[in-house]
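Notes to accompany the following structure.
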Amino acid sequence: MQLELPDRDYMFPGHVACPGCGAAVAMRFLLKALGEKTVMVIPACCWSIIAGAYPQSTLKIPVLHTAFETGGAVASGVRAALDMRGDTQTTVVAWAGDGGTFDIGFQALSGAVERNEDFIYVCYDNEAYMNTGIQRSSSTPYGAWTTTTPGRDWKKMRKKNIVEALVAHRIPYAATASIAYPEDLFRKVAKAKAIKGARFLHIFASCPTGWRIPSEISVKIARMAVQTNIFPLYEVEDGLRYTINFFPKGYLVKEYFRLQGRFKHLSEQDLDQIQTMVEEDWKLLRHKAGMS
Amino acid sequence: MKRVLEGSHSVAEAVRLAKVEVISAYPITPQTHIVERLSDFCADGSLSARYLRVESEHSALAALIGASSAGARSFTATSSQGLALMHELLHWASGARLPIVLAEVNRALAPGWNIWADQTDSLSQRDTGWIQLYCETGQEVLDTTLQAFRLAEHVSLPAMVVLDAFFLSHTYEPVDVPGQREVDRFLPAFNPRFRLNTETPCAFNQLAPPDVYMEMRRSIQDAMEEALAGFSQMEEEFSGIFGRRYGAVEPVECEDAEIILVTSGTITSTSRQLVKELRSRGERVGILKIKLFRPFPAEIIRQCLKKARKVAIIDRNCSFGAGGIFAQEVKAALCDLAERPVVFSFIAGLGGRDVTVADLENIYTQVRNQEVPQRESIWAGLHPVPAPELNR
Ligand SMILES: Cc1ncc(C[n+]2csc(CCOP(=O)(O)OP(=O)(O)O)c2C)c(N)n1
Ligand code: SF4
Ligand SMILES: [Mg+2]
């Protein structure tokens with residue numbers, strides 16, 4: 001299948017992500033849409049490693065590595081300095097994992113969005129702290145095994161809905177995207193780039209290592225997350241106008257769960273309960289989009 | 001132009017004159033007057049800076065790490081709990097070699113809540129790679145803030161200008177506020193060697209394995225040494241333009257002194273009063289005021305103290321389990337001397353307790369009357385605590 005995307009890449013081959021890493025795919029697509037006038041702020045996450053050790057760099061744009069919880073604040077400062085120099089053309093991006101976004105970096109992110117700082121915050125979501133060895137985050141889904149939710153202590157809390165939390169800030173633009181839908185992702189990044197103020201992209205990025213899946217089904221799993229309504233594709237403008245970008249045919253969540261080692265302990269009953277939860281969330285989203 | 005200014009406002013005036021480009025701050029007593037005055041300057045146009053009203057001190061410093069990396073002259077102010085919250089990023093700022101300037105108002109750490117003068121907050125950050133400059137007067141606060149930018153940008157390290165809560169931050173004094181032209185001469189625009197730039201894309205602060213990390217750390221130590229070596233040259237230029245200088249340390253009547261009080265911050269002013277009185281009674285006493293604490297001017301301190309018989313170090317701080325922090329550093333500096341003075345370490349004035357001329361005289365008398373200290377550090381001015389309370 002031929003993708004309708006520019007050929008130019010801003011990432012060098014030979015980076016050190018695991019085979020099939022969704023986070024690496026997500027960055028590649030993101031930069032295709034943003035181009036070279038981009039400054040990237042990366043708090044601690046798998047990408048602190050993927051981006052390369054001194055003196056090499058995986059990316060063809062300037063990168064500022066920073067402390068785990070500081071993405072929102074550091075990007076605010078970079079923007080302020082560029083503005084002071086009259087450079088309003090360069091796009092500033094904070095690129096963080098789910099831990100750096102949903103958990104430890106949430107305060108700085110919330111502050112930056114409340115101030116409506118002019119940058120794009122991208123969360124690539126692999127649903128756990130992968131850099132430190134697969135520990136649970138508030139983005140880890142209900143039912144998942146991680147190294148801190150082992151055995152029968154598998155996670156029994158829902159995944160935090162980060163997009164809704166940011167929508168509550170009346171953020172000018174928030175959208176979900178997936179590595180399995182690159183054209184949709186590309187369009188959203190391009191759209192975000194053209195908007196002024198705070199923008200948030202939540203990119204679903206499968207992690208073969210942490211999810212206990214073969215690397216070759218990484219993209220397939222990401223696609224199934226969308227097709228089962230576990231990770232709906234939608235966008236919200238000004239915290240008000242919802243648009244759902246993809247209407248699945250209603251695959252059952254258990255198809256998605258069965259392929260992943262991190263869910264293998266779940267019973268039929270657990271899976272039924274998760275199916276109900278997913279349907280609830282989907283109904284709520286449709287309601288917000290004015291569809292029910 | 002001479003004006004009567006609050007200590008906090010002296011900081012703000014210097015920041016305005018330094019043409020800072022990005023300010024990011026969070027309120028905490030007794031530092032708030034600094035950032036409020038800076039807000040006024042930005043609002044009325046006398047300073048054209050971007051001012052980020054962030055949601056925590058942690059983010060205040062994080063934002064400046066971003067701003068400074070992108071090449072902007074950057075400033076923040078904080079105190080006590082706020083500085084403690086910044087701790088992780090204090091290391092980050094020096095490791096990233098960013099010449100951020102921070103005004104730190106020395107305030108006690110909780111619990112119990114105490115907003116008054118105490119140096120333990122800044123001194124617990126002594127190993128973070130920041131230049132630390134302690135001030136005594138409103139004029140010194142203004143001048144030191146300008147010097148801090150110059151020094152920081154010269155060696156690519158962040159710098160902390162430290163002033164005592166209330167005794168300095170909220171005290172009005174006549175201060176000579178220099179003109180913009182003179183300040184521009186002393187402090188040209190910030191032009192870093194490296195900055196985030198899409199023309200020449202680089203990665204900053206990336207993964208540094210064992211085979212490179214140590215050299216990076218060594219370069220920070222080298223930069224500190226350069227800051228120490230360059231301090232008097234910087235002051236030379238400063239005094240050439242403004243007619244004032246302070247020295248990394250200031251010896252007062254030390255030449256023939258048998259006993260020297262070692263002080264920092266506003267306790268120095270009170271000590272000056274005492275020394276004047278004691279000298280008039282024929283006592284051979286002097287003061288060594290320490291202004292530059294990081295880098296630590298060990299050699300100058302050795303030279304100033306080596307001829308004294310006894311040295312009394314007064315610390316408005318405590319490293320629990322060890323003692324006064326200035327005392328530890330001064331003792332370490334003196335131990336290389338074959339013949340050295342006897343060192344007495346006093347802890348006084350914690351949590352804003354007044355240290356009066358009478359208190360200092362008490363300390364002096366103790367030192368004069370004893371050949372060696374009775375304890376590692378002596379707590380001056382302690383109220384008697386009822387024994388049962390202690391034992392419970
Ligand atoms: C203050 C602080 N606490 C903990 C860490 C250790 N740490 C580094 S990356 C990381 C997990 C990152 O998780 P996430 O943001 O989801 O990114 P991922 O590694 O999954 O890509 C943790 C816990 C740190 N660097 N700083
Ligand atoms: S652990 Fe997961 S997110 Fe991290 S590099 Fe490997 S596949 Fe990518
Ligand atoms: Mg993660």
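Quick note: the coordinates plus some simple rules give every number you see, no bench work behind them. Since the model is a prediction, treat every value here as computed from it, not as a measurement. Neighbour counts are summed over all protein chains in view; Cβ atoms, including those assigned to glycine, are modelled from backbone coordinates with ideal geometry.
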Nearest-0.05 FRET efficiency for B:Met216 and B:Glu339 at R0 = 30 Å, using Cβ-Cβ distance, is 0.15
For the pair B:Ala298/B:Glu255, report the inter-label distance in nm, with labels modelled 7 Å from Cα in the Cβ direction.
3.0 nm
Note down the nm distance, to one decimal, between modelled labels 7 Å out along Cα→Cβ at A:Lys283 and at A:Gln2.
4.5 nm
FRET efficiency, 1/(1 + (r/R0)^6) with R0 51 Å, evaluated for B:Met1 and B:Gln370 via beta carbons
0.55
Per-residue HN-Hα couplings for segment A:131-139, Karplus 6.51 cos²θ - 1.76 cosθ + 1.60 at θ = phi - 60°, whole Hz, x for Gly and Pro?
3, 9, x, 6, 9, 5, 10, 6, 9
Gyration tensor on Cα atoms of segment A:153-203, a ≥ b ≥ c root eigenvalues, a/c under 1.5 rounded, else prolate if a/b beats b/c, else oblate, says oblate
Mean Cα-pair separation over length for chain B, i.e. relative contact order, pairs under 8 Å, 6 or more apart, %
16 percent
Would you grab the residues whose amide H sits under 5 Å from the one on B:Thr266? Only those 5+ places off in sequence or on another chain, please, with H modelled 1.01 Å from N.
B:Asp164
Provide the FRET efficiency to the nearest 0.05 for the A:Thr243-A:Asn161 pair, computing r from the beta carbons and using R0 = 25 Å.
0.90
Roughly what would the spin-label model give for A:Lys220 and B:Glu182, points 7 Å off Cα along C-beta, in nm?
7.7 nm
Run through segment B:284-355 and list the chymotrypsin sites (Phe, Trp or Tyr not before Pro) located in a DSSP loop whose Cβ has at most 15 other Cβ atoms within 10 Å.
B:Phe320
Compute the label zone of A:Gln275 within segment A:212-235: residues whose backbone N is under 18 Å from the point 7 Å along Cα-to-Cβ.
A:224-231
So for chain B, using the alpha carbon gyration tensor with a ≥ b ≥ c as root eigenvalues (a/c under 1.5 gives rounded; past that, a/b versus b/c decides prolate or oblate), I'd call it prolate
Given A:Lys193/A:Lys249; A:Lys155/A:Lys191; A:Lys188/A:Lys220; A:Lys159/A:Lys188; A:Lys191/B:Lys19; A:Lys220/A:Lys283, the pairs whose alpha carbons are separated by over 27 Å:
A:Lys193/A:Lys249; A:Lys155/A:Lys191; A:Lys191/B:Lys19
Loop only by DSSP, 13 or fewer other Cβ within 10 Å of the Cβ. Give me the GluC sites (Glu not before Pro) in segment B:128-234 that pass, ordered by residue number.
B:Glu199
